[in-house]
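Below is one structure; the comments refer to it alone.
The values are calculated or read from the model by the stated rules, or taken from the named source; none is laboratory data. Treat the numbers as computed from the prediction; the structure is a model and nothing was measured. Here the Cβ positions follow ideal geometry from the backbone for every residue, glycine too, while neighbour counts run over all protein chains shown.
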């Protein structure tokens, strides 16, 4: 039996606000983890406690102060890409840039090579099959390291969080670390890969952005709508909220379909068309309501920084083969669910 699905822009936004009817208190990805991701899979008021404690790590002024470093990272990665006459954009540009930026944000530059080795999806770091071993071995190691409190980095910050007078235990640390490393990279890699795919296919949009007819910021909002990096999330309906995890029927959870909201024809004219000139883009790519993505501005800033640099070079870039894309359908509309490879050559 498939999950009940909440579809359409209005219904999705209403459901995302209604945390009592549609609870986030669940443990997902049971094939690769046995803990809740925090704060994603926690309901208010505990959700607010975790989110407030974590917010200093992600506040906009802190991220904006890192923009010059992001710019240097982008230049270096793009220089390397062009010297190699191109390659796979997904891994050689998007993934490299994201993990480098995370190294700066979390002050863990020493971990960047390891994060990059996991590939575009942390759950397939070991093989084509899903596994959480690589991530969890890493989190165990850095949790132990952070106990002495001597480093000024994200893991020490998380270990020292004040949660109503308590510090985090290892299960909480895994839940937070999992979100910081998976949520902060896999979805943004998809956004950047999709944006690259669209711009090479649509030189008139490149020209419009370069000429200032459309801002890069507004174009990115349309890319977020069109690519919806996280297409859906599960919620627990009222009849199962009092049950223990082992007694719940995951087939009866509710799937809140973000992609259906972003492709709702009553809100977005010709939703299957990527239109960077849309005047109002009330997408839910970052969710909506209390669980709106805590790092949404980071994804926007990183993407703007990278593509500001790319747009100065893109005239010499072209596909060197057919991009490998996994597609998903919403009724009669198909949209990219994942970009496996985007082969590019540079003249």
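Some observations on this one:
- Candidates 137, 92 - the one that is farther than 24 Å from residue 344 by Cα, in a helix (DSSP H, G or I) and modelled with pLDDT of 95 or more: 137
- The set of residues from segment 40-66 being part of a loop (DSSP other than H, G, I, E, B) and exposed (fewer than 13 other Cβ atoms within 10 Å of the Cβ) comprises 45, 59.
- The number of residues in segment 319-343 that are touching a residue at least 60 places away in the same chain (Cβ under 8 Å), closer than 19 Å to residue 202 by Cα and under 23 Å from the mean Cα position of the chain (by Cα) comes to 9.
- Breaking point among (1) more than 30 Å from residue 322 (Cα to Cα); (2) in contact with a helix residue (DSSP H, G or I) (Cβ under 9 Å, 6 or more places away or on another chain), for residue 46: (2)
- From the list 264, 249, 257, the one residue that fits, being without any contact (Cβ under 8 Å) to a residue 12 or more places away in the chain, within 30 Å of residue 179 (Cβ to Cβ) and in contact with a helix residue (DSSP H, G or I) (Cβ under 8 Å, 6 or more places away or on another chain), is 249.
- Selected residue [touching a helix residue (DSSP H, G or I) at 6+ places or on another chain (Cβ under 7 Å), at pLDDT 95 or above and buried (at least 19 other Cβ atoms within 10 Å of the Cβ)] from 281, 274, 294: 274
- Segment 251-281: number of residues that are touching a strand residue (DSSP E or B) at 6+ places or on another chain (Cβ under 8 Å) and part of a loop (DSSP other than H, G, I, E, B): 4
- Filter result (within 25 Å of residue 197 (Cβ to Cβ) and either more than 19 Å from the chain's Cα centre (by Cα) or surrounded by 18 or more Cβ atoms within 10 Å (Cβ to Cβ) (or both)) within segment 117-145: 118, 120, 122, 123, 125, 128
- If you filter segment 67-78 down to residues that are surrounded by fewer than 18 Cβ atoms within 10 Å (Cβ to Cβ), more than 19 Å from the chain's Cα centre (by Cα) and in contact (Cβ under 8 Å) with a residue 12 or more places away in the chain, you find that the one that is nearest to residue 315 (Cα to Cα) is 75.
- Scan of segment 6-30 for residues that are loosely packed, with under 15 Cβ neighbours inside 10 Å and not in a helix (DSSP H, G or I), ordered by number: 18, 20, 21, 30
- Contacts under 7 angstrom Cβ, first residue in segment 148-160 being more than 16 Å from residue 180 (Cβ to Cβ), partner modelled with pLDDT of 95 or more and not in a loop (DSSP other than H, G, I, E, B), 6 or more apart: 149/156
- Counted residues, segment 124-134 - those being part of a helix (DSSP H, G or I) and modelled with pLDDT under 90: 1
- Qualifying residue in segment 204-213 (condition: under 22 Å from the mean Cα position of the chain (by Cα) and either closer than 24 Å to residue 86 by Cβ or surrounded by fewer than 21 Cβ atoms within 10 Å (Cβ to Cβ) (or both)): no
- Condition met for residue 310 (under 20 Å from residue 64 (Cα atoms) and under 15 Å from the mean Cα position of the chain (by Cα)): no
- From the list 116, 81, the one residue that fits, being in contact with a helix residue (DSSP H, G or I) (Cβ under 6 Å, 6 or more places away or on another chain), more than 19 Å from residue 315 (Cα to Cα), part of a helix (DSSP H, G or I) and in contact (Cβ under 8 Å) with a residue 12 or more places away in the chain, is 116.
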